[in-house]
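Visitor: Got a structure here, written out as structure tokens. Questions coming.
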Amino acid sequence: MNKERLVGFIMIGLVVVIIVMYLSNRTTAQKLENENEELKSQLEEEPTNTEADASSPSFNEAGTSSDTEDTQNTSQETASIENSGEALRSEIESYDTFVSEFVDILTSYDDQEEKNEQLQEMTTDSAQTYLEENYYILDDDQDISDVEDGEHAEGDFEPLEIDMDITSLDAYYSYSNNSVEVIAMYQTNTEAGDENFSGNYILKGTINTVEGEVKFDTITSIVSINDPNADELYD
């Protein structure tokens, strides 16, 4: 092989290499152009997708919303419990005030006529019957005009001057048959004539709200703890 033929083969080889490289580069350039077009298309679509995603809550947003609802529900339940507790305390306080006033009147002998009226206003017929039978309310058949203020007449006994003070009172309540059962324990300090003594008493009955006012619906017993009739408490 002479030198001219060798040069000719080399030239042909170079041409082939150049053609291959050209075709290869053109293919790569076309591929890059296609990829650029796809990327550009994706970039143009992304804002629309982002807006769509923003319009609906994500998982985290939904979770946050759920947590907020749970917190609101818990707050409402707590407020409801607090309101119920406050209502119950207010109700018990109203019962305490009523029972305290009732016992004060019950143990007062300053004015029998006024005492009768007050006890009648604070009781129903059933409770009034108990008070009449036990001489807390003196009926029309008994001449209360003969009894001076501060004196107490019972049956055929002579009037006796009595001064009774309440030194302590505790009341307990329970619901039963649409009524409120009451057990009140109170201590008195009594001056009767020349004598001075203290006593412990138990009042048992039921109270109800009648036309917006608390009243004793029934009275089962008002007895001294040392009284034999205290067995009535267990009836």
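Visitor: If we keep just the residues of the stretch 90-113 that are among the aliphatic types (A, V, I, L, M) and more than 20 Å from the chain's Cα centre (by Cα), which is farthest from residue 138 (Cα to Cα)? Can you show your working first?
Guide: As a first pass, look at the stretch 90-113 and keep what is among the aliphatic types (A, V, I, L, M): 92, 99, 103, 105-106.
So of that shortlist, the ones also more than 20 Å from the chain's Cα centre (by Cα) come out as 99, 103, 105-106.
Details: 99: 21, 103: 17, 105: 14, 106: 12 Å.
Ranking the qualifying residues of the stretch 90-113, first place goes to 99.
Visitor: Report, by residue number, each residue of the stretch 85-120 that is touching a residue at least 24 places away in the same chain (Cβ under 8 Å), within 20 Å of residue 210 (Cα to Cα) and open to solvent by 60 Å² or more (accessible area, probe 1.4 Å).
Guide: 92, 96
Visitor: Now for a different question. Applying the selection to the stretch 185-215, what residues are in a strand (DSSP E or B) and within 16 Å of residue 91 (Cβ to Cβ)?
Guide: Within the stretch 185-215, the first condition is being in a strand (DSSP E or B), and the residues that meet it are 185-192, 195-210, 213-215.
206, 207, 208, 209, 210, 213, 214, 215, listed by residue number.
Visitor: Sticking with this one: Please find, among 136, 172, the residue that is in contact with an Asp or Glu (Cβ under 9 Å, 6 or more places away or on another chain), of a type in the set (Phe, Trp, Tyr) and modelled with pLDDT of 75 or more.
Guide: Details: 136 fails: in contact with an Asp or Glu (Cβ under 9 Å, 6 or more places away or on another chain).
Going through 136, 172 in turn, the sole match is 172.
Visitor: Just the residues that are small (Gly, Ala, Ser) and within 19 Å of residue 225 (Cα to Cα), please, taken from the stretch 170-191.
Guide: From the stretch 170-191, those small (Gly, Ala, Ser) are 171, 174, 176, 179, 184; that's our starting set.
Across the stretch 170-191, the qualifying residues are 171, 184.
Visitor: Among the residues of the stretch 141-157, is any over 32 Å from the mean Cα position of the chain (by Cα), modelled with pLDDT of 85 or more and open to solvent by less than 80 Å² (accessible area, probe 1.4 Å)? Break it down stepwise before answering.
Guide: At the first step, the residues of the stretch 141-157 found to be over 32 Å from the mean Cα position of the chain (by Cα) are 141-157.
Add one more test, that the residue is modelled with pLDDT of 85 or more, and what stays is none.
No - not one qualifying residue is present in the stretch 141-157.
Visitor: From the list 181, 211, which one is at pLDDT 85 or above, surrounded by fewer than 15 Cβ atoms within 10 Å (Cβ to Cβ) and either under 23 Å from residue 121 (Cβ atoms) or among the hydroxyl-bearing types (Ser, Thr, Tyr) (or both)? Spell out the reasoning first.
Guide: Details: 181 fails: surrounded by fewer than 15 Cβ atoms within 10 Å (Cβ to Cβ).
So the residue among 181, 211 that is at pLDDT 85 or above, surrounded by fewer than 15 Cβ atoms within 10 Å (Cβ to Cβ) and either under 23 Å from residue 121 (Cβ atoms) or among the hydroxyl-bearing types (Ser, Thr, Tyr) (or both) is 211.
The values are calculated or read from the model by the stated rules, or taken from the named source; none is laboratory data. All of these numbers come straight from a predicted model, not from anything done at the bench. Don't worry about glycine lacking a Cβ; one is built from the backbone with ideal geometry, like all the others, and counts go over all protein chains shown. Ligands, DNA and RNA are excluded from the accessible area calculation, which covers all protein heavy atoms including side chains. Shrake-Rupley method; radii C 1.70, N 1.55, O 1.52, S 1.80 Å.
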